[in-house]
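I have placed the structure first, in the form of structure tokens, so that the comments after it can refer back to it.
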Amino acid sequence: MEKSNRPATGHGRPAIALIAGFGDSITAGVHLQEEEKFLSLLGERFGSATSNHGKPGQTTEQAMERLDDVLKLKPDVCTVAFGMNDHVMKEPNVPKVAFDTFQRNLTTICRSLQDIGSKPILCTIHPIIEGDADGYYYARHPQDWYAQQNGAQACIDRYNEGIREVAAACGVRLADVAETWKRRVASGANMFDLLFTRENCGRDDGVHPTAAGNLIYADCIAEQIERMLEQ
């Protein structure tokens, strides 16, 4: 667990004592310095301790096995960010975690956090660089395996809709990173600056957010925390 150096607020303690992050490599913040990760940015903004439970490569199915590690901390707020691995096809048109199962798992995570008095914030997942067989997403995942979904990005978009539906059904806050990301790009932000690429780091990645991409996550989540504090 890491503690922000920002002074406590209100009655000698942070308004939010602990923010936990539950997710995959996006939450873990691969390739980043600690201070660049969205969870660290949130800790700094709100003067809160943080606990990062992002595990690269994991789906919601695998994450269910370590949910208790998060619950026992009883975080005031917990970001929940999954989907980047769940949607991936393990064979033609067969995702690692089926859409309905993905939604059930997210619902269980949210309900379990609510049961201990924690406030979950569900996050949609950002767009990727699909590329082709020579680079980026389709260099690692055969493009024809996504034919029935009209491509990997369309598949991610569907799982994002599933995340939005779970947030509404569970009555939890939604940090719609995907929509904010698209608006930023439409306003002039460059996808090749927001994701790790050959050009900015020499990695044929196109999936994991850079420090600039993590700032979008932090901004979206912080907006929901601010609204929470205003209540």
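For region 54-68, how many residues are within 15 Å of Asn85 (Cβ to Cβ) and either touching a residue at least 24 places away in the same chain (Cβ under 8 Å) or surrounded by 21 or more Cβ atoms within 10 Å (Cβ to Cβ) (or both)?
So the first thing to find is which residues in region 54-68 are within 15 Å of Asn85 (Cβ to Cβ), and the list is 54-66.
With either touching a residue at least 24 places away in the same chain (Cβ under 8 Å) or surrounded by 21 or more Cβ atoms within 10 Å (Cβ to Cβ) (or both) added as a condition, the list becomes 54-61, 63-64.
So the count comes out to 10.
Being in contact (Cβ under 8 Å) with a residue 24 or more places away in the chain, surrounded by fewer than 21 Cβ atoms within 10 Å (Cβ to Cβ) and closer than 26 Å to Asp76 by Cα is the requirement here; does Asp176 meet it?
yes
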Consider only pairs whose beta carbons are under 9 Å apart and that are at least six residues apart or on different chains; among these, list those whose first residue lies in region 113-138 and is without any contact (Cβ under 8 Å) to a residue 24 or more places away in the chain and whose second residue is of a type in the set (Ser, Thr, Tyr) and surrounded by 14 or more Cβ atoms within 10 Å (Cβ to Cβ).
Asp132/Tyr138; Tyr138/Tyr146
If you scan region 29-39, which residues turn out to be more than 20 Å from Val207 (Cβ to Cβ) and touching a strand residue (DSSP E or B) at 6+ places or on another chain (Cβ under 9 Å)?
Glu34
Per the filter on region 61-103, residues out of contact with any strand residue (DSSP E or B) (no Cβ under 8 Å at 6 or more places or on another chain), among the aliphatic types (A, V, I, L, M) and either modelled with pLDDT under 95 or not in a loop (DSSP other than H, G, I, E, B) (or both) are Met64, Leu71, Val94
In region 73-118, what residues are of a type in the set (A, V, I, L, M), closer than 16 Å to Ile156 by Cβ and under 17 Å from the mean Cα position of the chain (by Cα)?
Ala81, Met84, Val88, Val97, Leu106
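The values are calculated or read from the model by the stated rules, or taken from the named source; none is laboratory data. These numbers were taken from a predicted model, which means no experiment stands behind them. Positions of Cβ are generated from backbone atoms using ideal geometry, with glycine treated the same way; all protein chains shown enter the neighbour counts.
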